[in-house]
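Report on one structure; see the data block that follows.
The values are calculated or read from the model by the stated rules, or taken from the named source; none is laboratory data. Keep in mind it's a predicted model, so treat the numbers as computed, not measured. Because the Cβ atoms are built from the backbone with ideal geometry, glycine has one as well, and the counts that use them run over all protein chains shown.
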Amino acid sequence: MSARAAVHARSLTKIFGDVIALEDVDLDVPAGQIHGLVGPNGAGKTTLLGLLLGLSVADKGTLEILGVPSGDVLSVAHGVAGFVDSPGSYPGLTARQNLTSLASLRGEVRASGDIDDLLDRVGLGEVADDTVRGFSLGMRQRLGLAAALLGKPRLLILDEPANGLDPVGKRQVHQVLTDLADSGATVILSSHRMDDLAALCDEVTLLATGRVVFSGPVSKLEAESGELDYRLVTSDPAEARRIAEEETSLTLVAGRKQAAGDKPALVVRGHEAEIDDLVRRLVGAGAAIRELGPVVPPLEAAFLALTGADDQELTR
Ligand SMILES: Nc1ncnc2c1ncn2[C@@H]1O[C@H](COP(=O)(O)OP(=O)(O)OP(=O)(O)O)[C@@H](O)[C@H]1O
Ligand SMILES: [Mg+2]
C-alpha cells in the first residue's frame with residue numbers, strides 16, 4: 001500500500017447473525033483527505049466506521065490504519081479518534097470539565113488555554129461552564145467533536161457529526177475539519193446530506209446494503225445521475241410542449257400535479273446534452289426560457305439511482 005494511505009481496507013465483511021452488514025468492502029483513503037460515507041439507513045456506515053475506530057473486528061478482510069494492520073495497536077494511542085452513533089459525555093460535568101477529565105483519563109495534561117481554544121473552535125465557548133445535561137443535540141455533537149480533537153488525531157472518524165447542527169454550527173464544523181485536513185490529518189465522516197458532503201469532501205463512498213456502489217470524487221458521482229427530470233417554464237408553453245414532443249430523445253413526464261399559482265411548467269426527462277438541444281430549438285422558435293433546472297438535484301438523483309430507490313416515483 002502507499003505510505004500516504006490513512007486507510008487501506010480490502011474485502012471487509014461484517015456479519016451480525018443473519019445480517020450481512022458489510023460485504024467485501026474496499027476502502028482507500030489517502031492521508032490529508034476528507035472522505036464521506038453515504039448511504040441509506042442500514043447501509044453499513046456506522047459498522048464500517050466502528051471497524052476503523054477499532055470498536056469491532058471484521059469477520060473477513062484486511063484493514064490497515066495509518067500504515068499499521070488494525071488490531072496491532074490501540075486506536076487512540078495510535079492517533080485515531082472519533083465516535084460512532086452519537087458522542088458520549090458525562091452529563092453531570094460542564095463542557096470544560098468533560099474535556100479536562102477526558103484528557104487526564106488519557107494521561108494527557110492540557111493547558112487550560114488549549115481547552116478554551118478547542119471549545120471556541122467548536123462554538124461552545126459561551127457555554128463552556130454549563131453542565132452537559134442541559135445541552136441540546138447539536139451542542140453534544142460539538143462537544144463530541146472537541147473531545148475527538150483533544151488528542152490531536154491523525155485520523156478522525158465521525159459518524160454523522162452534522163446531525164442536529166444549525167447552519168452556523170455546520171459551518172464551524174466544516175471549518176474545523178477543513179483546517180484539520182489542511183494540517184495533514186485525515187477525516188472520514190458519514191452523513192445523509194449529499195449537499196453537505198459535496199461541500200466538504202474530496203471523495204465519497206456510497207454504500208447500499210453493505211456493498212460499495214460508488215467510490216470517488218463527488219463530481220464523478222454527479223455524472224452518474226444519467227437522465228434527469230427537468231422543470232421547464234417558457235414564455236410559450238404550448239409551443240414548448242410541441243417542440244419537446246418532437247424531440248424523440250426526450251420524454252415528457254406526465255402526471256405531475258401543479259400547485260395553484262404555479263407557472264405552467266413542462267417536465268422533460270433526458271440527458272443534459274439533449275436538454276441543451278431542446279433549449280436551442282426553443283430559443284430559435286422565439287420562446288424565452290424563464291426557468292430550467294433539475295427537479296431532483298443531480299447528486300441526490302445519483303444517490304437514488306445507485307442505491308436502488310426509484311427517484312422518479314419519489315419526486316412525484
Ligand atoms: N450490533 C448489531 N447487531 C445486529 N445487527 C446490527 C448491529 N449493528 C448493525 N447491525 C445491522 O447491520 C446493518 C448496518 O447497520 P449500520 O448501523 O452500520 O447502518 P448505517 O448505514 O449506519 O445506518 P443509519 O443511516 O441508520 O445510521 C443494519 O442492517 C443493522 O441492523
Ligand atoms: Mg449509522
Search the range 287-301 for residues being free of Cβ contacts under 8 Å to residues at least 60 places away in the same chain and part of a loop (DSSP other than H, G, I, E, B), and hand back the single one that is farthest from the chain's Cα centre (by Cα).
-> A287
Within the group V173, V187, V132, which residue is β-branched (V, I, T), more than 16 Å from ligand 1 (Cβ to nearest atom), in the same structural domain as T46 (by TED's automatic domain parsing) and more than 20 Å from G36 (Cα to Cα)?
-> V132
On the given criteria, is V283 within 30 Å of D179 (Cα to Cα), at pLDDT 90 or above, surrounded by 12 or more Cβ atoms within 10 Å (Cβ to Cβ) and not charged (D, E, K, R)?
-> no
Residues being in contact (Cβ under 8 Å) with a residue 40 or more places away in the chain and more than 30 Å from K45 (Cβ to Cβ) - total across the range 211-254 | 11
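The rows are residues; the columns are (1) free of Cβ contacts under 8 Å to residues at least 24 places away in the same chain; (2) within 16 Å of the chain's Cα centre (by Cα); (3) within 13 Å of ligand 2 (Cβ to nearest atom); (4) not assigned by TED's automatic domain parsing to the domain that holds N163.
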position	(1), (2), (3), (4)
I15	no, no, no, no
D18	yes, no, no, no
D24	no, no, no, no
Q33	no, yes, no, no
V38	no, yes, yes, no
G44	no, yes, yes, no
Picking from G71, G92, G32, the residue that is away from ligand 1 (no atom under 16 Å from the Cβ), outside any helix (DSSP H, G or I), modelled with pLDDT under 90 and in contact with a strand residue (DSSP E or B) (Cβ under 9 Å, 6 or more places away or on another chain) would be G71
